[in-house]
Amino acid sequence: MSDTHQQSIGYVRDSMLPETAPPLGEAGAIKWARANLFSSVANGILTLVALFTIYLLISAVLPWILNGIWEAPSIRACREILDGATGGCFAVLTERWNQLLFGFKYPSDIYWRPTLAFVLLFVAIAPVLFRKVFPAQMLVFTALYPFVAYYLIWGGSILIPIFALLGFVVGYLVYSRFVAQSFAAGFFGGIVAALLFWYVTGFLPVEGILALEEVPSRDMGGFMLNLILGTVCVSLSIPFGIALALGRQSDMPIIKWICVVFIEFIRGVPLITLLFVANVVLAYFLPPGTNFDLILRVIIMITMFASAYIAEVIRGGLAALPNGQYEAGDSLGLDYAQKMRLIILPQALKISIPGIVNVAVGLFKDTTLVSVISMFDLVGMIRGPILASTEWNGVYWELLSFAALLFFVVCYGISQYSQWLERELQTDHR
Amino acid sequence: MKKSVILGTLTVAGLAAGAAGAATLDDVKARGKLNCGVVTGLVGFGAPDANGEWQGFDVGVCRAIAAAVLGDPTAVEFIPTTAKTRFTALASGEIDVLARNTTWTFSRDVDLKFDFVGVNYYDGQGYMVPKALGVSSAKELDGATVCIQTGTTTELNLADYFRKNNMSYQPVPIETNAEAQQQYLAGACDVYTTDASGLAATRAAFENPGDHVVLPEIISKEPLGPLVRHGDNDWGDVVRWTFYALVAAEEYGITSANIEELSAGTDNPEINRILGTEDNLGAMLGLDAGWAKNAIAAGGNYGELFEKNIGENTPIGLSRGLNAQWTDGGLMYAPPFR
């Protein structure tokens with residue numbers, strides 16, 4: 001039977017054909033383009049329009065950047081060099097970069113101090129942001145960092161930040177001594193002890209002991225001021241926000257109502273109004289000559305504002321937890337503080353991360369509002385002194401693009417970190 | 001420590017607020033620094049330069065006052081103020097004098113309780129047109145489209161002017177000066193109107209300033225001058241006469257170049273009185289005999305300040321106009337030093 005068909009089969013292939021490439025239209029760039037860019041007539045038109053728009057944008061922007069002038073004493077000199085050609089006048093950045101970054105009054109020979117503080121900031125927040133990568137011992141430096149940064153940026157006697165630090169240490173010692181008897185005794189005892197310590201050391205003569213050159217707050221400016229305000233206010237407003245959120249959920253009516261009124265009042269008022277209060281209205285109450293530090297006033301106001309928002313974000317996180325979690329804590333016999341610390345807050349904060357980051361990014365950009373109360377932050381420097389100088393009046397795009405770039409780098413960094421953190425903390429099976 | 005500061009300040013605030021008005025001169029001398037309110041940045045009138053030093057026409061007035069009172073033109077703490085914070089800063093005592101292109105108006109003088117000590121720049125609303133339009137007078141602007149900042153007095157002045165001259169116009173409302181520059185250059189309007197000094201500064205920032213002209217008509221009065229708190233007349237006198245010393249110095253030809261030579265003594269008793277070599281006018285103000293000499297030496301006389309910061313040889317290129325000496329047909333007129 002095997003030869004039945006022998007005559008009817010003319011040819012039998014006895015080896016495999018080598019694989020050939022798919023037809024030209026079904027592979028590689030062409031297939032991708034057909035599938036993604038020209039899948040229908042309408043999409044094809046849209047693709048062409050988009051390409052043309054991108055071409056227009058690039059052909060306008062690229063020569064402007066590539067042709068840019070980086071060395072010139074004024075905008076008029078820029079225009080002379082360009083002689084009618086398209087090009088940005090980036091010379092303003094070359095000449096005024098130090099003012100944009102540090103403000104116009106910060107002494108130029110000690111720029112290394114805020115720069116060092118900025119670098120140390122990363123060392124300080126690294127163990128907080130990446131707990132698994134860096135050793136926990138680095139948290140000691142994180143705790144010391146605010147005092148180091150104050151000493152570096154403001155200068156003055158080293159004893160001031162040391163006394164401030166010791167005040168916290170004294171407060172903590174008193175707290176840990178009494179907390180075993182009662183939380184309230186430890187908490188308020190600690191606060192009283194710290195205040196007492198600061199009050200007493202306030203009388204000590206500290207002038208000139210291991211002093212760095214002192215820089216008054218009024219001289220801070222530029223992007224440094226945005227970073228100071230942003231960092232300080234965000235890091236302060238998270239603990240305050242947690243406290244307010246817990247207070248709002250509390251069973252104790254007085255605490256609850258204080259928190260509710262605070263949050264609702266602060267959220268109902270625009271930030272710019274609070275800044276005006278800090279700058280203008282307080283000046284009426286302060287006796288002339290007493291200069292209650294303007295940056296401190298602004299930090300207090302922005303922190304209040306941000307903590308009200310963060311409190312609401314965290315309250316959302318708390319509300320999202322099923323009641324069973326609270327009951328689980330109770331059934332384990334944990335007290336309130338333990339329950340919150342070990343069970344509720346870790347879950348609630350995880351849910352709140354996108355919201356907190358949203359507030360943090362918004363807050364960081366809002367720090368530019370201080371230019372309205374005549375502080376020279378990055379935007380204030382641009383709008384005020386630099387655009388008002390006879391050399392650079394008329395240079396808008398270059399300066400504002402630079403500001404946008406700085407803010408974008410920071411905000412995008414924060415946003416990327418928060419997305420990474422969400423993935424890292426993800427424990428459910430999705 | 002900070003807490004105690006707050007509590008302490010709150011309790012004494014009420015008491016101290018009343019005392020804020022008195023004896024500014026003593027306060028300034030005790031402090032060793034003049035707190036001078038300036039603009040956060042206005043071309044030619046006040047802005048820090050690349051080295052962080054404040055420069056400008058209004059800044060020059062601050063330096064002259066510091067030189068007169070403290071003998072040192074650098075003993076000034078410049079406190080930048082915005083249009084919104086300037087009056088509170090002065091009323092609360094945060095600053096001793098406000099030299100910030102502020103228009104002298106009835107309500108600011110009377111209702112807000114300030115004293116304008118003089119006028120250091122007579123400004124007024126003007127028009128700028130492209131040269132190509134071929135217009136040489138505002139009277140020829142019938143039917144023009146005008147770029148105008150909304151919600152300002154300039155808007156009202158414009159309407160008044162065109163109605164008075166029986167002309168019609170098409171307003172193009174804009175929000176800020178920067179926007180106005182773009183709109184005007186793009187040809188969205190034939191005319192741009194704002195204060196004449198602002199027009200000059202705007203024009204100076206153009207790529208081809210020569211293609212645009214500021215018309216000669218000025219349609220409103222904007223007298224800009226330094227001001228102090230109401231109620232401390234001694235301090236008001238110091239600021240007023242320091243400013244007039246600068247004006248009189250120009251009239252009598254005292255410049256920063258020849259001041260040393262003239263203060264050796266001249267035949268002109270008025271010059272001698274200003275420079276403190278005859279009669280002791282300084283003592284009447286509670287200052288040194290050399291107060292006016294120091295003020296003039298700080299940055300030159302009124303004319304020198306003008307030429308250096310906003311005059312015709314600067315990129316802003318303002319002509320003296322109303323701000324010339326009365327002997328040259330302007331309004332700068334210092335009362336006699338006697």
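What are the residues in segment A:100-142 that are touching a residue at least 60 places away in the same chain (Cβ under 8 Å), in contact with a helix residue (DSSP H, G or I) (Cβ under 6 Å, 6 or more places away or on another chain) and not in a loop (DSSP other than H, G, I, E, B), if any?
A:LEU100, A:LEU101, A:PHE102, A:ARG113, A:PRO114 - these are the residues of segment A:100-142 that are touching a residue at least 60 places away in the same chain (Cβ under 8 Å), in contact with a helix residue (DSSP H, G or I) (Cβ under 6 Å, 6 or more places away or on another chain) and not in a loop (DSSP other than H, G, I, E, B).
Pick from B:HIS230, B:HIS212: which is touching a Lys or Arg at 6+ places or on another chain (Cβ under 7 Å) and either over 26 Å from B:LEU156 (Cα atoms) or away from chain A (no Cβ under 14 Å) (or both)? Steps first, please.
Details: B:HIS212 fails: either over 26 Å from B:LEU156 (Cα atoms) or away from chain A (no Cβ under 14 Å) (or both).
Testing whether each residue is touching a Lys or Arg at 6+ places or on another chain (Cβ under 7 Å) and either over 26 Å from B:LEU156 (Cα atoms) or away from chain A (no Cβ under 14 Å) (or both) leaves just B:HIS230.
Among the candidates B:ASN301, B:ASN309, B:ASN323, which residue alone is within 22 Å of B:TRP54 (Cα to Cα) and touching a Leu at 6+ places or on another chain (Cβ under 8 Å)? Break it down stepwise before answering.
Details: B:ASN309 fails: touching a Leu at 6+ places or on another chain (Cβ under 8 Å); B:ASN323 fails: within 22 Å of B:TRP54 (Cα to Cα).
Matching residue, one of B:ASN301, B:ASN309, B:ASN323: B:ASN301.
Return the only residue of A:THR94, A:THR86 being in contact with a Phe, Trp or Tyr (Cβ under 9 Å, 6 or more places away or on another chain) and either within 11 Å of chain B (Cβ to nearest Cβ) or outside any loop (DSSP other than H, G, I, E, B) (or both).
Only one candidate qualifies: A:THR94.
Please pick out the residue among A:LEU120, A:LEU144, A:LEU159, A:LEU129 that is under 23 Å from A:ILE191 (Cα atoms) and surrounded by fewer than 18 Cβ atoms within 10 Å (Cβ to Cβ).
Working: A:LEU120 fails: under 23 Å from A:ILE191 (Cα atoms); A:LEU159 fails: surrounded by fewer than 18 Cβ atoms within 10 Å (Cβ to Cβ); A:LEU129 fails: under 23 Å from A:ILE191 (Cα atoms).
Just a single option satisfies the conditions, and that option is A:LEU144.
Restricting attention to segment A:24-39, which residues are closer than 15 Å to A:LEU51 by Cα, of a type in the set (A, V, I, L, M) and not in a helix (DSSP H, G or I)?
A:LEU37
Which residues, taken from segment A:64-76, are within 20 Å of B:PRO48 (Cα to Cα) and either assigned to a helix (DSSP H, G or I) or not small (Gly, Ala, Ser) (or both)? Break it down stepwise before answering.
First pass over segment A:64-76, keeping only residues within 20 Å of B:PRO48 (Cα to Cα): A:72-76.
Hits for segment A:64-76 are A:PRO73, A:ILE75, A:ARG76.
Tell me which residues, restricted to segment B:171-209, are among the small types (Gly, Ala, Ser), more than 14 Å from chain A (Cβ to nearest Cβ) and under 21 Å from the mean Cα position of the chain (by Cα).
B:ALA196
Report whether or not A:PHE407 is within 14 Å of chain B (Cβ to nearest Cβ), among the aromatic types (Phe, Trp, Tyr) and either free of Cβ contacts under 8 Å to residues at least 60 places away in the same chain or touching a Phe, Trp or Tyr at 6+ places or on another chain (Cβ under 8 Å) (or both).
On the way: within 14 Å of chain B (Cβ to nearest Cβ): no; among the aromatic types (Phe, Trp, Tyr): yes; either free of Cβ contacts under 8 Å to residues at least 60 places away in the same chain or touching a Phe, Trp or Tyr at 6+ places or on another chain (Cβ under 8 Å) (or both): yes.
Answer is no for this residue.
Can you give me the number of residues within segment B:108-120 that are out of contact with any Pro (no Cβ under 8 Å at 6 or more places or on another chain) and either surrounded by 14 or more Cβ atoms within 10 Å (Cβ to Cβ) or part of a loop (DSSP other than H, G, I, E, B) (or both)?
7
Report, by residue number, each residue of segment B:57-84 that is of a type in the set (S, T, N, Q), surrounded by fewer than 22 Cβ atoms within 10 Å (Cβ to Cβ) and within 23 Å of A:VAL280 (Cα to Cα). So that I can check it myself, show each step before the final result.
Looking only at segment B:57-84, we keep the residues that are of a type in the set (S, T, N, Q), and these are B:74, B:81-82.
Pick out the ones that are also surrounded by fewer than 22 Cβ atoms within 10 Å (Cβ to Cβ) and you get B:74, B:82.
Answer for segment B:57-84, where residues must be of a type in the set (S, T, N, Q), surrounded by fewer than 22 Cβ atoms within 10 Å (Cβ to Cβ) and within 23 Å of A:VAL280 (Cα to Cα): just B:THR82.
From the residues in segment A:269-286 that are away from every other protein chain (no Cβ under 14 Å) and either buried (at least 18 other Cβ atoms within 10 Å of the Cβ) or among the acidic types (Asp, Glu) (or both), which one is farthest from B:THR81 (Cα to Cα)?
Looking at the filtered set, the residue picked out is A:LEU271.
Just checking, does segment B:206-219 include any residue being over 20 Å from A:LEU387 (Cβ atoms) and touching a Ser or Thr at 6+ places or on another chain (Cβ under 6 Å)?
no
Yes or no: B:ALA144 more than 14 Å from chain A (Cβ to nearest Cβ), farther than 27 Å from A:GLU391 by Cβ, out of contact with any Gly (no Cβ under 7 Å at 6 or more places or on another chain) and buried (at least 19 other Cβ atoms within 10 Å of the Cβ)? Give the steps one after another, and end with the answer.
Working: more than 14 Å from chain A (Cβ to nearest Cβ): yes; farther than 27 Å from A:GLU391 by Cβ: yes; out of contact with any Gly (no Cβ under 7 Å at 6 or more places or on another chain): yes; buried (at least 19 other Cβ atoms within 10 Å of the Cβ): yes.
So B:ALA144 passes the test.
Exactly one of these conditions fails for A:SER389: (1) of a type in the set (Gly, Ala, Ser); (2) in contact with a Leu (Cβ under 9 Å, 6 or more places away or on another chain); (3) within 14 Å of chain B (Cβ to nearest Cβ). Give me its number.
Going through (1) of a type in the set (Gly, Ala, Ser); (2) in contact with a Leu (Cβ under 9 Å, 6 or more places away or on another chain); (3) within 14 Å of chain B (Cβ to nearest Cβ) one by one, A:SER389 breaks only (2).
Given the criterion more than 25 Å from B:THR105 (Cα to Cα), of a type in the set (Gly, Ala, Ser), crowded, with 17+ Cβ neighbours inside 10 Å and outside the structural domain of B:GLU312 (by TED's automatic domain parsing), identify the matching residue among B:ALA200, B:ALA188, B:ALA180. Even if it seems obvious, please write down each step before you answer.
Working: B:ALA200 fails: more than 25 Å from B:THR105 (Cα to Cα); B:ALA188 fails: crowded, with 17+ Cβ neighbours inside 10 Å.
On inspection, the qualifying residue turns out to be B:ALA180.
Within segment B:248-271, take every residue that is among the acidic types (Asp, Glu) and part of a helix (DSSP H, G or I) and give me the one that is surrounded by the most Cβ atoms within 10 Å (Cβ to Cβ).
We begin by selecting, within segment B:248-271, every residue among the acidic types (Asp, Glu); these are B:250-251, B:260-261, B:267, B:270.
Subsequent filtering for residues that are part of a helix (DSSP H, G or I) retains B:250-251, B:260-261, B:270.
Details: B:GLU250: 23, B:GLU251: 18, B:GLU260: 11, B:GLU261: 10, B:GLU270: 15.
If we take residues in segment B:248-271 being among the acidic types (Asp, Glu) and part of a helix (DSSP H, G or I), then B:GLU250 is surrounded by the most Cβ atoms within 10 Å (Cβ to Cβ).
I want to confirm something. Restricting to segment B:283-326 and keeping residues that are closer than 17 Å to B:GLU270 by Cα and part of a loop (DSSP other than H, G, I, E, B), which single residue is modelled with the highest pLDDT?
Selected residue: B:ASN301.
Of all residues in segment A:257-268 being out of contact with any helix residue (DSSP H, G or I) (no Cβ under 6 Å at 6 or more places or on another chain) and surrounded by 15 or more Cβ atoms within 10 Å (Cβ to Cβ), which is nearest to B:THR24 (Cα to Cα)?
A:PHE262
Just to be sure I understand the filter: pairs with C-beta atoms under 7 Å, separated by 6 or more residues or on different chains, first member in segment B:160-178 and in contact (Cβ under 8 Å) with a residue 24 or more places away in the chain, second member of a type in the set (D, E, K, R). Which pairs pass?
So the pair list comes out as B:ASN165/B:LYS139; B:MET167/B:ASP142; B:SER168/B:ASP142.
Criterion first (farther than 22 Å from A:LEU349 by Cβ and either at pLDDT below 90 or touching a strand residue (DSSP E or B) at 6+ places or on another chain (Cβ under 9 Å) (or both)) does A:LEU227 satisfy it? Walk me through how you get there before you give the answer.
Numbers: farther than 22 Å from A:LEU349 by Cβ: yes; either at pLDDT below 90 or touching a strand residue (DSSP E or B) at 6+ places or on another chain (Cβ under 9 Å) (or both): no.
In short, no.
Going through A:VAL395, A:VAL370, A:VAL379, A:VAL357 one at a time, which residue ends up being without any contact (Cβ under 8 Å) to a residue 60 or more places away in the chain and either crowded, with 20+ Cβ neighbours inside 10 Å or closer than 19 Å to B:GLU179 by Cα (or both)?
Details: A:VAL395 fails: without any contact (Cβ under 8 Å) to a residue 60 or more places away in the chain; A:VAL370 fails: without any contact (Cβ under 8 Å) to a residue 60 or more places away in the chain; A:VAL357 fails: without any contact (Cβ under 8 Å) to a residue 60 or more places away in the chain.
It is A:VAL379.
For residues in segment B:126-140 being within 25 Å of B:GLU175 (Cβ to Cβ) and touching a helix residue (DSSP H, G or I) at 6+ places or on another chain (Cβ under 8 Å), which is surrounded by the fewest Cβ atoms within 10 Å (Cβ to Cβ)? Steps first, please.
Looking only at segment B:126-140, we keep the residues that are within 25 Å of B:GLU175 (Cβ to Cβ), and these are B:126-130, B:133, B:138.
Now restrict to residues that are touching a helix residue (DSSP H, G or I) at 6+ places or on another chain (Cβ under 8 Å): B:126-128, B:130, B:138.
Working: B:GLY126: 23, B:TYR127: 26, B:MET128: 22, B:PRO130: 17, B:ALA138: 21.
Per the stated criteria, the residue is B:PRO130.
Does B:LEU90 satisfy the condition of being surrounded by 18 or more Cβ atoms within 10 Å (Cβ to Cβ) and assigned to a helix (DSSP H, G or I)?
Details: surrounded by 18 or more Cβ atoms within 10 Å (Cβ to Cβ): yes; assigned to a helix (DSSP H, G or I): yes.
So B:LEU90 fits the description; yes.
Sort out for me the helices (runs of 4 or more DSSP H) sitting completely within segment A:325-430 that have 3 or more residues that are over 22 Å from the mean Cα position of the chain (by Cα). Before you say what the answer is, go through the steps one by one.
Values: elements: A:336-339, A:345-366, A:378-381, A:397-425.
The qualifying helices (runs of 4 or more DSSP H) are A:336-339.
Filter segment B:125-139 for residues that are assigned to a strand (DSSP E or B) and of a type in the set (S, T, N, Q) and give the result. Step through it out loud before you land on a result.
First pass over segment B:125-139, keeping only residues assigned to a strand (DSSP E or B): B:125-130.
B:GLN125 - this is the single residue of segment B:125-139 that is assigned to a strand (DSSP E or B) and of a type in the set (S, T, N, Q).
Given the conditions (1) surrounded by fewer than 19 Cβ atoms within 10 Å (Cβ to Cβ); (2) within 14 Å of another protein chain (Cβ to nearest Cβ), which single one is not true for A:ARG341?
Only one criterion in (1) surrounded by fewer than 19 Cβ atoms within 10 Å (Cβ to Cβ); (2) within 14 Å of another protein chain (Cβ to nearest Cβ) is unmet by A:ARG341, namely (2).
The values are calculated or read from the model by the stated rules, or taken from the named source; none is laboratory data. Only a predicted model underlies this, so the values are computations on that prediction, with no experimental measurement involved. Using ideal geometry, Cβ is built from the backbone for each residue, glycine included, and neighbour counts are taken over all protein chains shown.
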